[in-house]
Amino acid sequence: MEVPCKTFVIPNELCRRAGLAGVWAPLNEVAVFPSHLVKAHNPDAPSPYGPSNASVYKVRQQVILFEPILRKLVNEANGTFLSVQELISNNVLDSKVELQKLSCQYRSIIRACLENLQDEAMRDKTNYKEELQNYITIFYSVECVWHLCEILFVENIPGGVVLPHLLEWIRFHFPKYERKAATLLAGDLVGIETHPDYWQTVIGSLMQGRIEVVRALLRLHSAGDSKPFKLVDQALKAMPTYNIYSGVSATEFNLKWKHWLVDTQSKIDAKLFISEKHLHLMMRLSVGEETAWNEVQSHCEAWYELLAAWLVFTEPTVKSFELGQFARRCIARMNVGLRMRHLDYVLLAAMEADIIQVIKEIQQMSENGWFVSHLTDLLYHAGRLVVLDNNPESHLVGSRLRECFLLDYGTLLMGHTSLWQVGLSYLDHCPTEGLKTIELLLPRLPLKSEARTQKIIREAHKRDLPQIIQSICKIQAMNSLKRGHLGNALTWGIKSQDGTFTSLLADKFLREYCKNGKLLNIDLLDSLGSSMLISDRLIFLGKYFEFHKEYRSRNYKESANLLISLLSSKLTPKYFWATLLDDTIPLLECNELIMSSLDTFTLLHCLQEKSDLPELQDKIELIRLGAARNLSRALMYEAQLVK
Amino acid sequence: MFEAQEINAEHKDLIHDVAYDFYGERMATCSSDQYVKVWDQTSDGKWNLTSSWKAHSGSVWKVTWAHPEFGQVLATCSFDRTAAVWEELVGETPGPGERGTRHWVRRTNLVDSRTSVTDVKFGPRTQGLQLATCSADGIIRIYEAPDVMNLSQWTLQHEIQCKLSCSCLSWNPSLSKNHPLMLAVGSDDNNPSNGGKIFIYEYSDNIRRWMKTETISSVTEAVHDISFSPNLGRSFHLLAVATKDLRILSLSPIADNANVQSGLYKLDIQTAAQFDDHGCMVWRVCWNITGTILASSGDDGCVRMFKMNCINAWKPVAVLKGDGSHVANEGHRSSVCSAASLPTPPVAAVVSQTARYIKLGTISQSREVPWH
């Protein structure tokens, strides 16, 4: 889809003189700064632009959706979007009807938002009011286009008889006559015709096809019993309306319609209404008299208002696919072809059933893609984008088009501190690139608090992205470590399931013990359990802690067993041998015999192997002596046992 | 449609590089004034200078952040022939700032180069802490910190002779069984007769060496910047090239053509897009996180953005341009430079507690007119 390319100005003189360079900042921002190319071979000299006040400009798209007042729109539309996805995945039989209901739901969300905006705009007295008015304009257009698209592309209109729906659309968006009629009827009924709006309301209602209202208003006219009024009432009453369910075929209706036209025309020709110029005009309008329509068309605010009115009296059986030509005729008639606003182009494209053009145009509606992504998704599921796939000339594919918009919209929301989860739900429904996009964006969300981090991890877990969870845990561990929170770091390290990394953290504990003789975070070490299995170093740390625990509770036998198994485990880090061997002394020197001869041999074997360690030198004799004494005790004891 | 926040960078000369950390919450800048500065964003969106130090004894060309898994680590490269790795230390006691007292220490100075080090980039995070540098004399160096807890030890793992003066390098961020480690290096050699100016190197696990798999012959003009796009699961790679124009190249491994010895595939290289919108030399390219929008800077003084549309074609979407003359007209100046010593009315002082954004004016509303 084409997006127009605009030039934006960075209000800075140095940026103009030196030129700009730009880099992307996560997530959706660009930083620009004054810079220019310096070739590596040039001598390193101060630039001609310095000394200067160089500024960095962080440029971002203005996102109106992030305004608090529009937050409800974003969240509620997300709910409906998810309902649409669920409906489609459930393969419901008459999904068309359900889709239309959901389309209505979208519209009622827009309506609620508009009402909210209007209330706020009424209340607001600050500069923000202008902004609110701007939003109202935007979302009014959105509502208007959505409604028409719903009629033309989502709703299943039997026989393509579009006029009743079109009238409903026009009545909804041009409610002025209905309101006026209501005021008139609620006011003083005597001499109602003296009200300045009376005739305007009557004719306006007629043009919107509200025949009953017209008749009611005419009856209240003080001359309502006079002949011309009676005749008009009869004519309007007799006017046939086309209804697919009435059992009348189109040909039959046309016959009736022609008959009514001839009848009414003959009354006009007989100058039966000439005494009442307004009635005369109304009747001439009813038979589609060009000069009469020329008189009233200036009252129409928009060409599509005229279109609906014109169709009521000239083409009551118009089919959806014929709308385009009549629309163009109305535009020509009102001579607004050169004054078409953006909304006009969109509506015209919709009437011409040019869905691609509609989608192209609504991208420009400056509501940051809310409209285009939701509508395109709906149209795609309503099977309206299949035309694209069948057109060999365009490279557009319906599903791709839908996904592109959802990706953009989801990415946009991911950039917001509290809407990122909403953003995720859109990316989830992008079958080809959604998950990869999540993989790129999710880890970039700042880990501002523990709760938020857990939330991000849960979302990664839901989508089966273990590598992201691992990375987040490692980052948290590193952050804790740098702040000196070793216990926290280890907890995150274990969560990361990264063996090498956890080993590095376990090392920190062991080295700390070597240095200070203190094991940190014993609660954590006590509860390691099976989680220690992810790294050898952590197993060693865990087992070494258990040794300490047993020793402190005077379970010397148990602690000796642990120590011996550590000695023979081949898990001991080099820097820890001295500490570990040193730990045997109290056990060897204990009053009762704790280490068996076999244990002592293991110890002596290790001692021999590590005898070159410099930090062991001042202790080795002591340990040897203790071992020798223990060995003699143990051998004697064991010899007694054998007897 | 766009709004901007001004951060007075307080450098005494032009800024050569701005780098954001993984989350976009920290910003590092470097300049010809030989300083590196680190900025932190407060919770209400304002940017505060938290560190500033003289990092080199020459212009600092590039600054780049390591992945946060390795802590708060920066690398810089300079005209002074060195590259350096910096780590931030957080004080034990919480200081006045939001994150406590902190300062940056030089962990290592990589002094192997005999000429200006023109680019420095950390490798993909899954490969541990690797750093690639390239220099004006055409040598690419790959360093590694074997112990990520000790960043003062770096070993020079590989040295690759490139023959032509190197100006820029880029790691391919997409790594998988099918994609070995890949580096692209660009040369700003001016002589077209020296052939292609972009070289693709890949690491062969089989022989544990970096091999040149490709010289991109379609680009013979000087190359000033290159950048691999983040990969959204495509089978091919996209490389943005800043040369006399802007190029986007696609590199697809040719499946049944692996080198017996190295196990590396030949690449099929196509030009996916070529833009002359700058109308002159392009010298900087940068992808957004998802690789959907490319920003380029050129000698026309503009930053231009190109977006991939849904039929996978690239289209220009926006242009940013500096113009001081608009400042006075729009009357934003006083509100923008809160750092300047202009007398600020008390109301503005209250407002300036939070980040200020100015709306950017547009020059042309070229709805119908195509950009040329």
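Some observations on this one:
- Sparse-neighbour loop sites [trypsin sites (Lys or Arg not before Pro); segment A:268-320; at most 16 other C-beta within 10 Å; DSSP]: A:K271
- Range in chain B, longest, excluding exposed GluC sites (Glu not before Pro) [loop by DSSP; at most 12 other beta-carbon atoms within 10 Å]: B:99-367
- Segment A:239-244 - phi-based ³J(HN,Hα) in whole Hz, Karplus 6.51/-1.76/1.60, Gly and Pro as x: 5, x, 10, 8, 9, 4
- Hull shadow area, averaged, the protein assembly as shown [alpha-carbon convex hull, nm²]: 57.2 nm²
- The residue among B:H237, B:I248, B:L264 whose Cα reaches farthest toward the positive pole of the charge dipole of segment B:223-296, with charges on the beta-carbon of Lys, Arg, Asp and Glu, is B:L264.
- Shown for segment A:175-300: lysine pairs separated by 8 or more places, or found on different chains, whose C-alpha atoms are under 14 Å apart, numbering 5.
- Virtual spin-label span in nm between A:Q85 and A:E193, 7 Å along Cα→Cβ: 6.2 nm
- A:H429 - accessible surface, heavy atoms, 1.4 Å probe, Å² rounded to 10: 60 Å²
- The stretch between B:D112 and B:Q127, if pulled fully straight at 0.36 nm per residue, gains 3.2 nm over its current Cα-Cα span.
- Distance (nanometres) between label positions extended 7 Å along Cα→Cβ at B:R209 and A:Q357: 6.3 nm
- Contact order, relative form, for segment A:41-142: 22 percent (alpha carbon pairs under 8 Å, 6 or more residues apart, mean separation divided by residue count).
- Contact order, relative form, for segment A:175-300: 18 percent (alpha carbon pairs under 8 Å, 6 or more residues apart, mean separation divided by residue count).
- Exposure ranking of B:S32, A:S418 by accessible area [1.4 Å probe, largest first]: A:S418, B:S32
- Placing a label point 7 Å from the Cα of A:I211 along the Cα-to-Cβ direction, the residues of segment A:132-165 with a backbone N closer than 16 Å are A:163-165.
- Full-extension gain in nm, A:F172 to A:K271, via 0.36 nm per residue minus C-alpha separation: 32.1 nm
- Residues in segment A:394-430 reached by a label modelled at A:N134 [backbone nitrogen below 19 Å; 7 Å Cα→Cβ]: none
- Exposure rank, largest accessible area first [B:M211, A:M478, A:M207; 1.4 Å]: B:M211, A:M207, A:M478
- Rounded Å value of the spacing that divides the Cα centres of segment B:221-278 and segment A:348-386: 34 Å
- Farthest toward the positive end of the dipole of the protein assembly as shown, out of A:T241, A:F313, A:C300, is the Cα of A:C300, where the dipole comes from beta carbon charges about the Cα centre.
- Per-residue 3J(HN,Hα) values for segment B:73-82, derived from phi via the Karplus relation 6.51 cos²θ - 1.76 cosθ + 1.60 with θ = phi - 60°, read 10, 10, 10, 10, 9, 8, 5, 6, 6, 10 Hz in sequence order (x marks Gly and Pro).
- From the alpha carbon centroid of segment A:188-210 to that of segment A:131-157 is 29 Å.
- Sequence-distant contacts, meaning Cα pairs under 8 Å at least 6 residues apart, place the relative contact order of segment A:554-643 at 34 percent.
- Note on A:K448: accessible area approximately 120 square angstrom, rounded to 10, probe 1.4 Å, nucleic acids and ligands left out.
- Extending 7 Å from the Cα toward the beta-carbon at both A:S108 and A:T432 defines two label points whose distance is 3.6 nm.
- Counting heavy atoms of the protein chains alone, B:C280 has an accessible area of about 40 Å² for a 1.4 Å probe.
- Ellipticity at 222 nm from helices only: DSSP H runs of n ≥ 4 in the protein assembly as shown, each -39500 (n - 2.57), divided by the residue count, give -12500 deg cm²/dmol.
The values are calculated or read from the model by the stated rules, or taken from the named source; none is laboratory data. Being a predicted model, the structure only gives us computed values, none of them experimental. Every residue, glycine among them, receives a Cβ derived from its backbone with ideal geometry; neighbour counts consider all protein chains shown. The accessibility values were calculated without ligands, DNA or RNA, using every heavy atom of the protein model including side chains. Shrake-Rupley method; radii C 1.70, N 1.55, O 1.52, S 1.80 Å.
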